[in-house]
1. Pull out the extension gain between Thr117 and Glu167, defined as 0.36 nm times the separation in residues minus the alpha carbon to alpha carbon distance; nm, one decimal.
2. If the only charges are +1 at each Lys and Arg Cβ and -1 at each Asp and Glu Cβ, what is the size of the charge dipole of segment 635-717 around the Cα centre, to the nearest 20 debye?
3. Within the set Lys437/Lys622; Lys328/Lys645; Lys427/Lys645; Lys501/Lys641, which residue pairs have Cα atoms separated by over 30 Å?
4. On a 1.4 Å probe surface of the protein chains, which of Thr716, Thr52 comes out largest in accessible area, and what is the full order?
5. What's the longest piece of the chain with no exposed GluC sites (Glu not before Pro), counting a site as exposed if DSSP puts it in a loop and it has at most 11 other beta carbons within 10 Å?
6. Take Glu41, project a point 7 Å from its Cα along the Cβ direction, then tell me which residues of segment 319-348 have their backbone nitrogen under 20 Å from it.
7. Compute the Kirkwood hydrodynamic radius of segment 369-507, taking the inverse of the mean of 1/r over all pairs of distinct Cα atoms, and give it in Å to one decimal.
8. Quick one: work out the % antiparallel among DSSP beta bridges in the chain, nearest 5.
Amino acid sequence: MLRRQTVTSAIFRTCLAVLCFLSVVRAQEKPAYLNPNLPVEERVSDLLSRMTLEEKVAQLQGTWQNPDQTDPAKMFVGKNREFLPDMAELVLKYGLGQMTRPSENRGPREMAEFTNTVQKWVKEHTRLGIPIMFHEECLHGHAALKGTSYPQAIGLASTWDPQLVHEVFGAVAQEVRARGAQQCLMPVLDLARDPRWGRTEETYGEDPYLVSRIGYGAITGLQGDFLPIDKSHVISTAKHFAVHGQPEAGTNAAPGNYSERVIREYFLRPFEYAVTRAHVQAVMPSYNEIDGIPSHSNKHLLTDILRQEWGFEGVVVSDYFAIAEMVKRHRIAANVDDAGKMAIDSGVDIELPAADGYRSLTQEVRDGKVSEAVVDRAVRHVLRSKFITGLFDEPYADPVLAEKVTNSPEHQELALRAAHETITLLKNQSNLLPLDKSKYKHIAVIGPNAGELHLGGYSNKPGRGVSVLQGIKDKVGSSAEVLYSEGCKITESDPDWDADKVVLGDPALNAKRIQAAVAIAKKADVVLLVLGENEQTSREAWAENHPGDRDSLDLLSQQDDLAKAIVALGKPVVVLLLHGRPNSINYIAENVPAVLDGWYLGQEGGTAVADVIFGDYNPGGKLPITVPRTVGQLPDYYYQKPTAKREYLGTTTEPLFPFGWGLSYTTFKYSNLRLSQDTIGPQGSVKVSVDVANSGQRRGDEVVQLYIRDDVSSVTRPVKELRGFQRISLDPGQSKTVELSLGPEELSFLNREMKRVVEPGTFQIMVGGNSVDLIKTTLTVADKP
């Protein structure tokens, strides 16, 4: 028996050795790019070395479901959204870089199953099995069927809460990745320095410091805090690079012709922060031109600054159709082939949403017009993005998880919290707000934005949503009668963000609607007016026949007439603004006792509004952008130069509401502003401390804001600049010491030689709850440490 066991053991050991040997052999035969234990760069190099020119070029191309919706020979997605493998054999035989928005007309499970089907086919039917990257729009939530819709971007900026923004986009990433996509085309880091621009709503406001910090929260929320990017996160795309937020005449994609100093000190700062601090993994160039050079052909911008100065390692993706626009609009290229050559030579790695200028790259390389080394460089960036998201190792989504996390109860609660923090109290004369439910038994909710859910641009149908009217009804229940009237229409057409034609409210019809609203208001004890703009009047103007920019900031379509008619009744009136840009509400600001700004509040907005109106939540939002009195005050961003604003004849240069403004149902007192040291060296740092006390009767949030002013400098500097902030919550009578830091990053600027320096001299250090009401002290920077 012992001998038999010995023989058996020997055979077992032999078999085990053979199996180990075979596994080693198989491991050696396995291509390095498929080995998840190897460094990403080694895997990229190995894969690139195996690729044909056709396979390389395919990685630089995107497709929007089908490359050509009119050519059946190029359709691999059927009319019922099904994948057509026989057609894929023709269209996808060399692979594909990216597919644009697979969520279109697909719910969570259907999208996950579709992306899985495509990935499986590509893995099994292309020579190298390179997975496809799917990207989505995620400006303020996944813009897909049932995706949770959070407050619009400018609303999220009004929270002044980067940690909240981080949580929001962590939830967004979870929904997107569960459905099978790996990249989101956001955040917008443009500075909104001209509110006539219809894309103002997509930004985080006018200030580079605030935009940088809110952007950091968004990027790290999407990507996670570390590389590689795990299965719950996605690549973030910083856009639009660069100088896109103050276009000439406020019209979308118009030139951004500013000096190098202005561009570097302001417009580029959020992008630099995104690259060097948040480690964003994708960047999208802007449509516009700078000094005669469209951004998609600007090698200085995309290569010299982005990659060489800042060390960007990610992928540069084109904006939709932007390469073709160099032919059609900019007229710097005779045809799309030439435009494609300009773009790839300048540093654009992949063309979205579908190949146009990059369609001929294979032939251009063979003809010697484009270097294969340039193609290889771009392919490296594209492949790296696929490796760092784990696509080669775990390419498939989980349809069950997709349904579970999409618009989950947890995400709905987060959307409500974000809406709460967004709402900004602009005026509250005689403490009209919050309303006492026991006092008002007949409440009129009136206005063009009251009865329907408004989400702003880059939205879809979340499958749920609470309008302001519904939120008020839910809040008061049977304790009060809620009356409703539309009051007027902003647009006679449905507020469809995608529709080209916009028909503004008909004056004659609006006059009748106002009469009806007055009749309703007469029956009420208090009136809530919900005004502003809608998704058609403030939006991306992507073509001449698709307007979204304006030459006035006044309320459209007789809304002022409605407000005047309601105010004339002598009843208590509250105005809530829902819109994508600041409006010049001069009459309302002067005559209505209580004014709230909500921008667009997302799917839970009506509930949040009701909570604020009746005091169950104390508003603490702050304006991320200045509200002008008229377009004649533009530009009106607060960080003006000392010579920028002399008084106008017969009026004022003061805005209607300043940057950082926002009231509360309680009051806050600032005192004991102090520095850890009064003098520092050029490379020194100082801690700024201030005591903030809740001197009112309610718990509330305050955003403590730190501004600086360089008293004397070698080049002119703004009258003040935001250099720190912190959102805090305090109970009545509670006080807290808030500490913020200043160092070379905050105190430096570009001198006459365009070098970033901290110059010796004195700085005014200013702290308060907005950019106007500030307490001050002085910091001295000495010549030497």
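The values are calculated or read from the model by the stated rules, or taken from the named source; none is laboratory data. Keep in mind it's a predicted model, so treat the numbers as computed, not measured. Because the Cβ atoms are built from the backbone with ideal geometry, glycine has one as well, and the counts that use them run over all protein chains shown. What goes into the accessible areas is simple: the full protein's heavy atoms, side chains included, and nothing from ligands, DNA or RNA. Shrake-Rupley method; radii C 1.70, N 1.55, O 1.52, S 1.80 Å.
1. So the extension gain works out to 14.9 nm.
2. Dipole size: approximately 80 debye.
3. Flagged as over cut-off: Lys328/Lys645; Lys501/Lys641.
4. Putting Thr716, Thr52 in descending order of accessible area: Thr716, Thr52.
5. 83-543
6. Once the point is set 7 Å along Cα→Cβ of Glu41, nothing inside segment 319-348 turns out to lie under 20 Å by backbone N.
7. Kirkwood hydrodynamic radius for segment 369-507: 20.6 Å.
8. Of the beta bridges lying entirely in the chain, close to 55 percent run antiparallel.
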